[in-house]
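> Before I ask anything, let me first share the structure, which is written out below as structure tokens.
The values are calculated or read from the model by the stated rules, or taken from the named source; none is laboratory data. As the structure is a computational prediction, the values presented were derived from the model and not from experiment. Here Cβ is always computed from backbone atoms with ideal geometry, including for glycine, and neighbour counts include all displayed protein chains. These accessible areas exclude ligands, DNA and RNA; they are computed on the full protein's heavy atoms, side chains included. Shrake-Rupley method; radii C 1.70, N 1.55, O 1.52, S 1.80 Å.
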Amino acid sequence: MNRRLWLWVPFTVVAFALAIFGWNLANPVDRRVPSALVGQQFPPVTLAGALDPAAGVDATLLANGRPHLVNVFASWCVPCAAEAPGLTLLQGQGIDIVGIAVHDNVPDLTQFLAQNGNPYSRIGMDFNGRTQIALGSAGVPETFVVDGRGKILRQHIGVIEPDDIATLVADIRGAQ
């Protein structure tokens with residue numbers, strides 16, 4: 001009898017492992033890394049302009065009394081290209097979008113904007129990714145709602161989908 005019980009142990013272990021595996025597939029863990037700066041002032045950064053040296057990005061620009069969307073993106077980012085139509089819709093609704101190009105270069109960025117449109121009022125170049133790190137941004141694309149005093153109100157991780165437009169517009173309208 002004891003020998004028969006031992007024959008079932010491997011099957012029981014495998015069944016238990018499969019049950020845990022199935023449970024984790026059905027209930028995935030949220031792996032997003034939210035920025036600790038939501039509710040805080042935009043970090044004191046100064047970035048050179050990507051296309052126009054006079055149109056860079058700095059924290060004082062974002063505290064000019066008007067709310068902004070700050071979009072962290074890159075020309076090499078495939079999801080960033082997929083997000084471009086959503087940003088264009090937001091721009092069409094009068095939303096000021098400031099871009100921060102991460103680990104990028106001007107020729108590639110120029111080509112990306114020619115292919116996907118340019119919804120940005122200005123773009124700062126974050127060549128080494130330090131501004132992205134200062135924002136607590138874990139990847140691209142990420143978008144931040146910044147109120148007129150330069151305070152980060154919301155972080156949107158990932159591509160801006162059509163379903164996200166109304167929420168972002170409401171956030172910007174309420175961020176005066």
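> Do you know which of the residues in the range 1-45 that are modelled with pLDDT of 80 or more and of a type in the set (Phe, Trp, Tyr) is farthest from the chain's Cα centre (by Cα)?
This residue is PHE16.
> Going through the range 74-97 one residue at a time, which ones are touching a helix residue (DSSP H, G or I) at 6+ places or on another chain (Cβ under 7 Å) and within 17 Å of ALA55 (Cα to Cα)?
The answer is ILE97, and nothing else.
> A further question on this structure: Specify which of the listed residues (ALA81, ALA138, ALA134, ALA166) is open to solvent by 30 Å² or more (accessible area, probe 1.4 Å), closer than 16 Å to PRO44 by Cα, of a type in the set (Gly, Ala, Ser) and out of contact with any Lys or Arg (no Cβ under 7 Å at 6 or more places or on another chain).
Sole residue among the options that is open to solvent by 30 Å² or more (accessible area, probe 1.4 Å), closer than 16 Å to PRO44 by Cα, of a type in the set (Gly, Ala, Ser) and out of contact with any Lys or Arg (no Cβ under 7 Å at 6 or more places or on another chain): ALA134.
> Take ILE152 and tell me if it is under 11 Å from HIS68 (Cβ atoms) and in contact with a strand residue (DSSP E or B) (Cβ under 9 Å, 6 or more places away or on another chain).
Yes, satisfied.
> Which condition from (1) out of contact with any Asp or Glu (no Cβ under 6 Å at 6 or more places or on another chain); (2) surrounded by fewer than 19 Cβ atoms within 10 Å (Cβ to Cβ) is the one that LEU69 breaks?
In the conditions (1) out of contact with any Asp or Glu (no Cβ under 6 Å at 6 or more places or on another chain); (2) surrounded by fewer than 19 Cβ atoms within 10 Å (Cβ to Cβ), LEU69 misses (2) alone.
> I'm checking my understanding of the structure. Among residues of the range 57-79 that are under 22 Å from ARG130 (Cβ atoms) and β-branched (Val, Ile, Thr), which one is modelled with the lowest pLDDT?
THR60
> Identify all residues within the range 146-175 that are farther than 17 Å from ALA84 by Cα and assigned to a strand (DSSP E or B); write none if there are none.
Of everything in the range 146-175, those that are farther than 17 Å from ALA84 by Cα and assigned to a strand (DSSP E or B) turn out to be VAL146, LYS151, ILE152, LEU153, ARG154, GLN155.
> Moving on to the next point. Kindly evaluate ASP52 against the criterion of being of a type in the set (Asp, Glu) and under 17 Å from the mean Cα position of the chain (by Cα).
Judged against the criteria, ASP52 is not a match.
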